[in-house]
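**Q** One structure, pasted below without further comment.
The values are calculated or read from the model by the stated rules, or taken from the named source; none is laboratory data. A quick note: this is a predicted structure, and the numbers were derived from the prediction, not measured. Glycine gets a Cβ as well: all are built from the backbone with ideal geometry, and neighbour counts include every protein chain shown.
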Amino acid sequence: MNYDMELLSALVQADAVPEWLESRVKQQVSQIDREVEKNTERFLTINGEREPGANDIADRPLGDDALEWARDCICSDIYEVRLHSTIPGRNHFGAHTDCTRDFSIIYLLEDGGPEQETVFYREHGKSVLRTEKRIWADNYDILTPIASVKIDVKNYTLLNGMIIHGVNNVPEGRNQIQFSISDISKLKLSHRVYLAK
Ligand SMILES: [Fe+2]
């Protein structure tokens with residue numbers, strides 16, 4: 001592995017998302033069928049109480065031209081560019097490891113609310129760094145927070161998708177462009193946040 005597995009987050013230096021791509025995202029967000037959420041229900045247990053999580057109501061590729069732009073302008077090792085939108089009216093986007101990537105780069109268009117934060121967790125009895133993709137850690141009562149970061153809108157934030165993470169306080173719904181990458185060695189990074197020993 002030629003990257004640092006214990007890097008939690010960092011800022012990626014790159015030009016802003018171009019207008020045509022931002023417009024495409026806004027158009028797609030406006031077309032989301034809110035009924036879909038009924039098919040994607042996920043319940044979380046927090047302090048012994050069950051609550052519906054703020055799952056993705058949209059998770060879709062943004063097109064070959066978006067991928068081409070990202071590979072030219074952010075990093076040639078990016079292999080997927082997707083729109084993610086969460087269900088408004090829910091507080092927690094459930095804790096998980098990422099499905100298809102080791103790291104993701106998040107570009108937020110709407111952050112979901114002023115108190116939003118991304119929290120990394122260790123699951124009781126497990127290592128911090130997880131090799132399994134797509135863990136859904138629905139029971140917060142067996143998770144210990146280990147770090148939290150606030151992602152600002154319209155910057156590129158690298159997140160370690162191999163450590164369980166979730167987003168809290170997103171009642172307004174969150175819309176973001178998500179770039180998948182596994183080899184981060186070519187990224188121009190600043191503001192690195194590491195796992196505390
Ligand atoms: Fe994630």
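**Q** Can you tell me which residues in segment 42-54 are loosely packed, with under 13 Cβ neighbours inside 10 Å, of a type in the set (Asp, Glu) and in contact with a strand residue (DSSP E or B) (Cβ under 6 Å, 6 or more places away or on another chain)?
**A** Answer for segment 42-54, where residues must be loosely packed, with under 13 Cβ neighbours inside 10 Å, of a type in the set (Asp, Glu) and in contact with a strand residue (DSSP E or B) (Cβ under 6 Å, 6 or more places away or on another chain): there is none.
**Q** Take segment 14-42 and flag every residue that is of a type in the set (Gly, Ala, Ser) and either in contact with an Asp or Glu (Cβ under 9 Å, 6 or more places away or on another chain) or modelled with pLDDT under 90 (or both).
**A** Listed by number, the residues that qualify are Ala16, Ser30.
**Q** Quickly run through segment 110-120 and pick out the residues that are assigned to a loop (DSSP other than H, G, I, E, B) and within 16 Å of the ligand (Cβ to nearest atom).
**A** Within segment 110-120, Asp111, Gly112, Gln116 meet the criteria.
**Q** On to the next question. Among the listed residues Ser190, Ser180, identify the single one that is more than 14 Å from the chain's Cα centre (by Cα) and among the small types (Gly, Ala, Ser).
**A** Unique residue meeting the criteria: Ser190.
**Q** Within the set of pairs 6 or more residues apart or between chains, which connect a residue that is closer than 21 Å to Leu109 by Cα inside segment 171-192 to a residue that is of a type in the set (Lys, Arg) with Cβ atoms less than 6 Å apart?
**A** Gln178/Arg82; Ser180/Arg101
**Q** Further question: Can you name every residue in segment 88-109 that is within 16 Å of the ligand (Cβ to nearest atom), closer than 24 Å to Lys26 by Cα and of a type in the set (A, V, I, L, M, F, W, C)?
**A** Listed by number, the residues that qualify are Phe93, Ile105, Ile106, Leu108.
**Q** Would you mind stating whether Arg174 is closer than 15 Å to Ala54 by Cα and either buried (at least 16 other Cβ atoms within 10 Å of the Cβ) or under 13 Å from the mean Cα position of the chain (by Cα) (or both)?
**A** For Arg174, the condition - closer than 15 Å to Ala54 by Cα and either buried (at least 16 other Cβ atoms within 10 Å of the Cβ) or under 13 Å from the mean Cα position of the chain (by Cα) (or both) - is met.
**Q** Ok, one more. Looking at segment 95-113, I want the residues that are within 15 Å of Leu83 (Cβ to Cβ) and have a partner that is within 9 Å of the ligand (Cβ to nearest atom) and among the hydroxyl-bearing types (Ser, Thr, Tyr) with Cβ atoms under 9 Å, at least 6 apart or on another chain. Which pairs are those?
**A** Ile106/Thr118
**Q** Filtering segment 55-86 down to residues that are free of Cβ contacts under 8 Å to residues at least 40 places away in the same chain and among the acidic types (Asp, Glu), which residue is surrounded by the most Cβ atoms within 10 Å (Cβ to Cβ)?
**A** My answer is Asp56.
**Q** Now a separate question. State all residues of segment 121-163 that are among the acidic types (Asp, Glu), within 16 Å of the ligand (Cβ to nearest atom) and either in a strand (DSSP E or B) or farther than 20 Å from Ser182 by Cβ (or both); if no residue qualifies, say none.
**A** Once the filter is applied, which keeps residues that are among the acidic types (Asp, Glu), within 16 Å of the ligand (Cβ to nearest atom) and either in a strand (DSSP E or B) or farther than 20 Å from Ser182 by Cβ (or both), segment 121-163 yields Glu123, Asp138.
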